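Reviewing the structure listed below.
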Amino acid sequence: MKVSYTAKWKPEVYVTLDNASRESIREICSYIVEEAQSIVSVRSGYLHDNIRIDKLSAKEGMVVADTDYAMFVEYGTSKMAAQPFMRPIANRTIEIENLSQEVMNRHLR
């Protein structure tokens with residue numbers, strides 16, 4: 001015969017964690033948008049203005065550069081050198097992880 005105990009969170013704990021997670025993801029995505037906009041090459045400002053948060057949930061967020069030519073600026077072409085603006089931020093994993101931890105701690109206090 002075995003003895004067991006099931007531990008469960010109270011419903012309000014789920015809500016608190018969900019809200020904290022969602023706000024943390026929002027802040028991190030906003031940081032990525034700001035950083036990408038500060039790096040991107042600006043001619044008309046159209047690409048700069050179309051770097052935005054596309055999807056947001058408690059588990060993930062997506063930042064996109066929503067123009068027809070963003071990929072060509074990021075990766076270059078046979079006639080144009082790459083001018084990356086998203087990849088440099090993606091390479092800052094430790095900085096983003098630290099920001100994530102800081103934001104979660106702030107929202108869970």
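Only one entry in V64, V3, V13, V40 is in contact with an Asp or Glu (Cβ under 8 Å, 6 or more places away or on another chain) and of a type in the set (A, V, I, L, M), namely V64.
Every condition in (1) without any contact (Cβ under 8 Å) to a residue 40 or more places away in the chain; (2) out of contact with any helix residue (DSSP H, G or I) (no Cβ under 8 Å at 6 or more places or on another chain) is met by I51 except one, and the failing one is (2). Where helices (runs of 4 or more DSSP H) fall entirely within the stretch 1-89, those with at least 1 residues that are among the small types (G, A, S), farther than 28 Å from E102 by Cβ and within 21 Å of the chain's Cα centre (by Cα) are at 70-75. K59 meets the stated requirement of being loosely packed, with under 12 Cβ neighbours inside 10 Å and within 26 Å of A20 (Cβ to Cβ). Here's a check for you: in the stretch 27-56, which residue that is charged (D, E, K, R) and buried (at least 16 other Cβ atoms within 10 Å of the Cβ) is modelled with the lowest pLDDT? Per the stated criteria, the residue is E27. Close contacts from the stretch 90-109, counting a first residue that is farther than 26 Å from E74 by Cα and in contact (Cβ under 8 Å) with a residue 12 or more places away in the chain and a second that is of a type in the set (A, V, I, L, M) and surrounded by 11 or more Cβ atoms within 10 Å (Cβ to Cβ), with Cβ to Cβ under 8 Å and a gap of 6+ residues or different chains, come to V103/I28; M104/A20; H107/A20; L108/L17; L108/A20.
The values are calculated or read from the model by the stated rules, or taken from the named source; none is laboratory data. Everything numeric in this text was worked out from a predicted model, so none of it was measured. For neighbour counting, all protein chains shown are included, and Cβ atoms are generated from backbone atoms with ideal geometry for every residue, glycine included.
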